[in-house]
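The values are calculated or read from the model by the stated rules, or taken from the named source; none is laboratory data. Bear in mind the structure is a predicted one, so any value in this text is a computation, not a measurement. Positions of Cβ are backbone-derived with ideal geometry, glycine not excepted, and every protein chain shown enters the neighbour counts.
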Amino acid sequence: MKSQYFAGVDIGSTMTKVVVMNQTTLASVIGPTGPEHRKLANRVMEEALAKARLSFDEITYVVATGYGRINVPFADKQITEISCHARGVGHLLPEVRTVIDIGGQDSKGIKLKEGRAVDFVMNDKCAAGTGRFLEVTAEGLGVSLEEMGRLSLEAENRVEISSICTVFAAQEVVAKLSEGVALPDIIAGLHEAIAIRIYGMVRRLKIEREVALTGGGAKNIGLVKALEAKLGFPVLVPPEPLLTGAIGAALLGKDIVQEAAEKGETLVRSERRLTEASIFT
Amino acid sequence: MSEEKKPEERKKRRTATEAAAKIGPIQKANIQGVAQAREEGKKVAYTFICCCYDEIIRAMDIVPMWTETYAGICGAKRDAQRFLERAESENFSRSLCTYALCGLGFDAWREELGEMPPEAPWGGQVRPDMMLGSGQMLCDPRNKWYQAAQHYMPDVPIYDVGLPWPPYEDDYDYREVQDYYVKYIVKELKGLVKFLEKHTGKKMDWERLSELVDLTDKTWNLIWEAYELRRAVPTPMGTGDAMNTMVPMVFNMGTQEGYDYYKDLYDELKLKIANKEGVIPDEKYRLVWGGGLPSWFALSDFNYFNSKGAVFPVETTYRMIEAIYNFDMDLTKITDPLEHIAWRWVKFWTYWHDRARKRPGSHPDVERLIKYIEDYKIDGIVMHEAFSCRSWHVGLIWQLNQLKRVYRDIPSLILESDIVDISSYNEADTRARIDAFIDTLEAVKSR
């Protein structure tokens with residue numbers, strides 16, 4: 001029987017992620033979604049295919065997810081990021097019951113049962129509590145996002161960031177800097193502020209252990225520690241927390257193909273032609 | 001948006017029932033009828049819905065200008081922003097109730113011009129002869145809005161009716177204090193009648209008032225019976241339509257037209273059930289709209305739910321009636337019309353108290369949800385947090401948490417936006433949430 005390959009494409013607000021799988025992950029690529037790149041999910045896909053040494057024709061099924069999923073013309077199906085994150089985390093970390101995903105544009109909590117999302121909460125209204133909060137404030141502090149986590153661990157006297165608005169928080173950190181507050185103390189304060197908001201939101205789900213942290217926020221060790229302090233126990237972080245949505249998308253594609261085969265149904269697939277994402281044209 | 005600019009109207013939302021489709025013209029006639037009545041020399045009053053004075057003003061031939069509803073109409077027509085911005089420029093905070101802001105912005109503009117603002121929806125909000133506040137424990141603008149409106153209309157008198165009800169406590173029976181509440185409300189209503197007599201120069205026709213009170217009782221029963229028909233599978237009517245069919249419930253109480261409307265609705269729903277005609281042919285998920293006023297500019301979201309196989313056979317919002325015959329007292333024995341109104345009010349707001357007291361940790365609002373979940377075979381709950389309406393929305397999350405604690409876990413979705421302020425709304429995000437919610441419903445159903 002011919003091998004089957006599945007692709008998951010997760011177009012987030014800042015990063016586009018593609019995973020190609022059969023029984024295991026064959027290739028994964030993370031590329032920027034930013035203004036210049038956002039319509040180029042096809043390029044990220046091409047890169048992933050090249051890494052996996054496959055042609056697009058060989059991909060059995062493609063599932064797109066993320067906020068840009070709707071108009072990925074080469075996807076066979078679009079599935080919400082809630083379902084894809086749930087499937088991805090359920091596969092990678094089966095013991096997880098609650099997922100906290102901190103993306104560039106939103107943050108969400110997902111309750112899992114048997115690897116599927118049964119409840120969720122989402123913040124897509126306010127930048128505070130999302131990766132954007134850290135991006136904006138990092139700019140004000142003149143440090144890179146990557147440095148923030150490490151620097152915050154050096155904090156000795158964490159400051160309190162009182163502004164609940166991202167724009168004003170950015171001003172507040174600049175003011176703290178001019179007062180001579182040490183950079184690590186300010187960054188630790190920022191992590192605390194974002195952790196409070198995310199924890200407050202996810203609590204609505206009745207948090208159950210184990211908890212997994214995904215999305216770009218999970219790569220920030222300072223934020224992870226701040227959230228762990230709020231939760232009162234350690235969280236699990238997948239090996240590549242940016243990829244759980246794309247992995248889940250690919251796995252859901254696999255599920256769809258298997259279910260169709262069991263029922264003897266013919267699957268409708270898009271034309272195997274890699275074109276730019278139409279939502280941005 | 002500048003004050004001169006007026007947005008294009010959206011195309012009409014598809015309704016499941018003819019009754020809901022008829023509401024547009026009825027609503028328009030209601031609003032335009034106020035201007036007409038004014039020209040005929042009738043007295044016009046600014047009024048709040050669910051106010052206890054429906055029959056009183058009808059009996060005295062006072063024409064109501066329902067101000068919350070007018071703001072809702074501006075919102076539904078996506079033409080509220082210019083009035084909200086006007087209120088903001090008058091120094092009212094944007095975080096106040098956007099019904100009130102829309103109305104105050106409109107009043108400020110109309111009073112400045114000496115005529116209706118340009119292209120005011122459905123002819124505009126007519127300048128009143130009096131303003132009748134209706135303070136409840138529910139909502140503070142119902143006391144303060146008209147006081148603020150007096151800045152622009154200092155010559156227009158206000159009467160503010162206080163309408164309390166016994167708050168829920170799990171360790172005492174509200175019946176111990178209900179008489180005091182009734183006495184208080186009757187006194188308030190007597191004061192209102194006196195105020196109206198003074199400002200209209202007419203005497204109350206008490207016999208007519210009694211007739212209208214009876215008519216309202218009959219209408220409450222009929223609405224309850226019609227809405228209970230929606231338990232059917234497939235349901236013949238959803239919440240999207242109920243946000244239309246609520247209009248006579250709050251606009252036309254104490255009128256024969258209101259009663260006749262619900263008779264038609266009842267008959268239509270019966271027929272649909274007999275023909276097995278549902279909102280959608282293949283119901284997959286039955287949802288309760290578990291609280292929060294809707295975004296009037298986004299009622300088409302209900303159609304979006306329908307497109308995903310979801311229907312709303314029931315809602316807590318704007319179901320402002322119970323069957324009178326289900327109360328724990330025989331209201332027909334209360335022959336004094338003001339006392340009758342007061343008892344109806346107290347019994348409505350305490351209706352779910354007894355059930356709540358039987359379940360530790362519960363609450364009347366939670367019990368109502370539980371009853372609806374069971375009676376209407378509900379799979380999930382959708383709530384809407386409207387940022388500008390704190391009094392109706394502040395406890396929603398708590399209710400949801402309590403429900404899950406004292407009853408059972410059930411998929412839930414919280415939508416976030418506003419009642420009137422469209423700048424708070426993002427269709428793509430809202431629909432992404434709905435999609436994700438449908439996924440969770442499916443996951444729970446297939447377990």
Looking only at region A:119-129, and only at residues there that are at the interface with another protein chain (Cβ under 10 Å from one of its Cβ atoms) and surrounded by fewer than 24 Cβ atoms within 10 Å (Cβ to Cβ), the one that is modelled with the highest pLDDT: A:Val121
The condition of being touching a residue at least 24 places away in the same chain (Cβ under 8 Å), among the aliphatic types (A, V, I, L, M), touching a helix residue (DSSP H, G or I) at 6+ places or on another chain (Cβ under 7 Å) and farther than 26 Å from A:Ser3 by Cβ holds, among A:Ile79, A:Ile102, only for A:Ile102
Got at least one residue in region A:220-232 being polar (S, T, N, Q) and outside any loop (DSSP other than H, G, I, E, B)? no
State all residues of region A:16-32 that are touching a helix residue (DSSP H, G or I) at 6+ places or on another chain (Cβ under 7 Å) and not β-branched (Val, Ile, Thr); if no residue qualifies, say none. A:Lys17, A:Met21, A:Leu26, A:Ala27, A:Ser28, A:Gly31
Which ones in region A:84-98 are out of contact with any Gly (no Cβ under 7 Å at 6 or more places or on another chain) and within 13 Å of another protein chain (Cβ to nearest Cβ)? A:Arg97
Unique residue being modelled with pLDDT of 95 or more and under 30 Å from A:Asn123 (Cβ atoms) when the list is A:Val44, A:Val29, A:Val20, A:Val62: A:Val62
Could you list, in sequence order, all residues of region B:89-107 that are surrounded by 22 or more Cβ atoms within 10 Å (Cβ to Cβ) and not charged (D, E, K, R)? B:Cys97, B:Thr98, B:Tyr99, B:Ala100, B:Leu101, B:Cys102, B:Gly103, B:Leu104, B:Gly105, B:Phe106
Any idea which of A:Arg116, A:Arg87, A:Arg150, A:Arg132 is modelled with pLDDT of 90 or more and either out of contact with any Ser or Thr (no Cβ under 8 Å at 6 or more places or on another chain) or not assigned by TED's automatic domain parsing to the domain that holds A:Gly12 (or both)? A:Arg87
List the residue pairs whose Cβ atoms are under 7 Å apart, where the first residue sits in region B:123-152 and is more than 16 Å from B:Leu101 (Cβ to Cβ), the second is surrounded by fewer than 23 Cβ atoms within 10 Å (Cβ to Cβ) and among the polar types (S, T, N, Q), and the two are 6 or more positions apart or on different chains. B:Gly123/B:Gln32; B:Gly133/B:Asn143; B:Gly135/B:Asn143; B:Leu138/B:Ser391
I'd like the full set of residues that are of a type in the set (Asp, Glu) and closer than 19 Å to A:Met201 by Cβ, limited to region B:409-438. B:Asp409, B:Glu416, B:Asp429
Condition test on B:Val366, is it touching a Lys or Arg at 6+ places or on another chain (Cβ under 7 Å) and either crowded, with 21+ Cβ neighbours inside 10 Å or within 14 Å of chain A (Cβ to nearest Cβ) (or both)? no
Residue list for region A:171-219, filter: assigned to a helix (DSSP H, G or I) and among the charged types (D, E, K, R): A:Glu172, A:Lys176, A:Asp185, A:Glu192, A:Arg197, A:Arg203, A:Arg204, A:Lys219
Just to be sure, is B:Lys377 free of Cβ contacts under 8 Å to residues at least 24 places away in the same chain, away from chain A (no Cβ under 14 Å) and out of contact with any helix residue (DSSP H, G or I) (no Cβ under 7 Å at 6 or more places or on another chain)? no
Can you name every residue in region B:397-423 that is surrounded by fewer than 18 Cβ atoms within 10 Å (Cβ to Cβ), within 10 Å of another protein chain (Cβ to nearest Cβ) and within 24 Å of B:Arg94 (Cα to Cα)? B:Ile397
Residues located in region B:93-112, provided they are at pLDDT 95 or above and touching a Gly at 6+ places or on another chain (Cβ under 8 Å): B:Cys102, B:Phe106, B:Arg110
Look at A:Glu262 and say whether it is touching a Pro at 6+ places or on another chain (Cβ under 8 Å), surrounded by fewer than 18 Cβ atoms within 10 Å (Cβ to Cβ) and either in a helix (DSSP H, G or I) or not aromatic (Phe, Trp, Tyr) (or both). no
The condition of being more than 26 Å from B:Thr69 (Cα to Cα), surrounded by 20 or more Cβ atoms within 10 Å (Cβ to Cβ) and out of contact with any Cys (no Cβ under 7 Å at 6 or more places or on another chain) holds, among B:Lys284, B:Lys272, B:Lys202, only for B:Lys272
Being of a type in the set (Val, Ile, Thr) and not in a strand (DSSP E or B) is the filter here, so list the residues in region B:116-163 that pass it. B:Val126, B:Val156
So A:Glu192, is it among the charged types (D, E, K, R) and surrounded by fewer than 14 Cβ atoms within 10 Å (Cβ to Cβ): no
Over region B:335-351, the set of residues surrounded by fewer than 21 Cβ atoms within 10 Å (Cβ to Cβ) and assigned to a loop (DSSP other than H, G, I, E, B) is B:Thr335, B:Asp336, B:Tyr351
Quick check: is even one residue across region A:174-182 in contact (Cβ under 8 Å) with a residue 40 or more places away in the chain and of a type outside the set (Asp, Glu)? no
Run down A:Asp101, A:Asp76 and say which single residue is within 14 Å of chain B (Cβ to nearest Cβ) and not hydrophobic (A, V, I, L, M, F, W, C). A:Asp101
Could you list, in sequence order, all residues of region A:99-119 that are in contact with a Gly (Cβ under 8 Å, 6 or more places away or on another chain) and farther than 17 Å from B:Val444 by Cβ? A:Ile100, A:Asp101, A:Ile102, A:Gly103, A:Gly104, A:Gln105, A:Ser107
